[in-house]
Every structure is written in C-alpha cells, then in structure tokens.
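The values are calculated or read from the model by the stated rules, or taken from the named source; none is laboratory data. On a predicted model such as this, the values are computed, not experimentally measured, just so you know. Reconstructed Cβ throughout: ideal geometry from the backbone, glycine too, with neighbour counts over all protein chains shown. Ligands, DNA and RNA are stripped out before the accessible areas are found, and what is left, the full protein with its side chains, is counted by its heavy atoms. Shrake-Rupley method; radii C 1.70, N 1.55, O 1.52, S 1.80 Å.
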Amino acid sequence: MLSGACGTLALALRGTRAPTSAVARRGLRASGSRPSAERSDKAEEPPRAFDPALLEVLVCPLSKKPLRYEASTNELINEELGIAYPIIDGIPNMIPQAARMTRQSKKQEEMEQQ
C-alpha cells in the first residue's frame, strides 16, 4: 500500500518539474558560475603574498609556539619541532598532516653518524 502511494506521488511530482536543462540553467545563474571559456579569457592573477603581520596571531597548532616565516620556501617554520607549514596563495596551511619535517629525527641522525 505504501509503495502505491509513493508511486502516485512520484508521478505527480514528475509532472510539476521543470525540464532538467532549465533547472541547470537556473542553477548556473544563481551560483554565479561562468562557462570555462569565459574564465580562460581572463589573465591569470598572480599568487597572493603572505602577510607577515599574521605572525603576531598565528602559532603552531601542535606546540602553540610562535612560527617564523621563511620567504625563500614560502613556509611557516616551527624551529622547536622542526616542521614547516606550507603557504598556498597567501594562506597558511596549518594542518599538521600537511607540514613537512625540516630536520631528521635524532635516531636518524645517530644512524648516519655511525
């Protein structure tokens, strides 16, 4: 009995829906999306630079210690832990999994010295 009611409701809704192409066009206008051809005509904008003033409020999410900006690698460095957070388009990626190690662990250093 429930499946019959669902089927009737589905038929009723099908008749009231706008064609898919009209829905898609409405969605494009509402979201402000442009076709890719229009986007490619624009000249690419240069990447945004990191604002060093952010260093006053940013800290390492792991140690809560201040970070140092390294312009040559475009990274925020935590000297204590030996990790570097990348800066992408002027935005620091402070996710620990995205950070790279800047120095080897003590165990690795000892193995290389032997």
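Structure notes:
- Selection of region 66-87 for residues being surrounded by 13 or more Cβ atoms within 10 Å (Cβ to Cβ) and of a type in the set (A, V, I, L, M, F, W, C) yields Leu67, Leu76, Ile77, Leu81, Ile83, Ala84, Ile87.
- Test result for Ala53, open to solvent by less than 70 Å² (accessible area, probe 1.4 Å), at pLDDT 95 or above and either outside any loop (DSSP other than H, G, I, E, B) or on the phi > 0 side of the Ramachandran plot (or both): no
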